[in-house]
Every structure is written in C-alpha cells, then in structure tokens.
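Working notes, structure below.
Bear in mind these aren't lab numbers, they're just calculated from the coordinates by the rules spelled out. Please read all numbers here as calculations on a predicted model, not as lab measurements.
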Amino acid sequence: MRICPVHKNHYFCQMRKAIVCFFLILTPVLNRAREATIAPAEEIYTAINLSGYGLNRTVFDLAFKGLSRLKTEGKVANPNIVTIADYSQSSNNKRLYVIDLTNKKLLFNTYVAHGQNTGDEFAKSFSNKEGSLKSSLGFYVTENPIIGSHTGYALVINGVEKGINDLAEKRAIIIHGADYVSEWFIKKYGRLGRSFGCPALPTELNKPIIDSIKGGTCLFIYNPDSKYLCSSKLLN
C-alpha cells in the first residue's frame with residue numbers, strides 16, 4: 001500500500017517529535033542518576049582518609065560547596081572529579097589533591113607551585129591582574145589541553161569568579177609541568193620553585209593529571225585569605 005506524501009511527511013514529523021520528547025524526558029533522569037552516585041562530603045572525606053594526606057576538612061567542604069554550586073549552574077561537564085590546590089600549606093608539602101568523588105578515591109597527591117610574587121615557601125599574596133606574577137584564588141573549570149611554546153603539554157583553566165580569577169585565560173594562567181616543582185629543588189633551595197602565577201606540576205605527573213581532569217572539571221585554589229572568603233559568591 002502506498003502512503004500519500006502528505007501523510008508520509010506527517011508520520012515522520014510525529015515520529016521525530018516523539019523521539020525528541022523521549023530524550024527530553026530521559027536526559028534529566030540520566031543526569032539525576034549520575035549525580036546520585038556522589039556521596040555527601042563527610043562520607044567522601046572519611047572514606048579516602050584525606051586528613052591523613054594533610055587536607056583539612058574545612059578546605060574540602062569549601063571545595064565541595066563551590067563544586068555543587070557550579071554543578072547546579074551547569075558550568076561543569078564532569079562533576080565527579082575535583083582538584084584542590086591547598087595554598088594554606090607549605091610549598092614543600094604535597095598540597096595538590098585530585099579526587100574522584102564518585103569512587104571515593106584520591107587519584108593524585110603531589111606538589112604544586114604558586115606564583116613568584118605570591119610568596120616564598122608559603123603563598124601569602126594573590127592577584128587577578130596581568131603582569132602581577134601572582135596566583136589567583138578560587139574556582140576554575142578546566143578546558144582542553146594545549147601545546148605551549150614554552151610549557152609543552154598544558155591545560156587551559158577558566159576562572160569563573162568575577163574580579164577574583166576571571167582574567168586567568170588573558171593572563172595565560174595554565175596548568176603545566178616544570179622542573180622546579182620537584183623534591184631536588186626543595187632540597188637545594190629549601191622551598192619549591194615558583195611560577196608566573198600558574199599552578200605548575202611535577203613534569204612526570206603533568207600529563208597524567210591533565211588527562212584526568214581535562215574537559216570540564218572543577219579546580220579549587222584555596223588559601224584562608226579573608227578578602228577572598230568574604231567576596232566569593234560561590235561560597236556565600
């Protein structure tokens with residue numbers, strides 16, 4: 001039996017509408033199922049024993065709170081991974097934490113540098129200005145890897161807090177490897193080396209970490225800086 005062109009077009013139109021409606025209904029269900037796999041902050045913190053790795057509970061709670069806000073606002077493509085650079089700690093400590101929230105695992109715990117003008121062993125001064133050579137605090141969302149002319153394999157990070165770190169891309173603040181982020185440098189100079197404001201990593205871990213956190217995960221750079229803590233809209 002032949003179907004008249006008008007009826008045929010109507011049939012396919014109705015089928016297309018049905019398929020679209022199906023995915024509109026299914027997508028929120030899948031998203032809720034994905035989000036439901038993330039346990040409460042206290043449970044994750046305890047399960048991983050993050051205190052044993054030197055990460056303070058307050059810092060983790062702040063990171064979790066900001067990530068939850070970013071997830072609600074649809075700004076993170078992958079809310080299951082969070083990276084914390086705890087600049088309240090000495091640069092001689094392994095103060096970078098890459099955490100798999102879904103599986104309650106610490107993927108990486110290593111050194112991370114702060115900016116030259118942010119401090120020596122300890123990070124004390126922060127800025128969002130070009131040319132400051134200082135680190136910027138707050139929440140970032142990772143983008144895609146690049147190959148820098150001086151840094152090699154690197155990761156673009158987008159500062160999402162206006163007036164605090166939103167000039168990160170303009171300042172060329174990226175995650176990259178550096179030979180001054182190493183134990184030999186600490187032994188020689190008594191502190192970790194410093195960057196131009198980038199959260200630089202050990203060269204041997206640079207690519208594995210970038211490949212784990214690229215494509216829309218949350219990075220939180222923390223310091224108990226009262227100006228930041230009072231002005232961050234993600235934390236207040």
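Judged by the gyration tensor of its Cα atoms, with axes a ≥ b ≥ c, the stretch 39-231 is rounded; a/c sits under the 1.5 cut. Annotation: lysines with alpha-carbon distance below 27 angstrom to Lys227 (same-chain offsets under eight excluded): Lys65, Lys71, Lys75, Lys94, Lys124, Lys129, Lys134, Lys162, Lys170.
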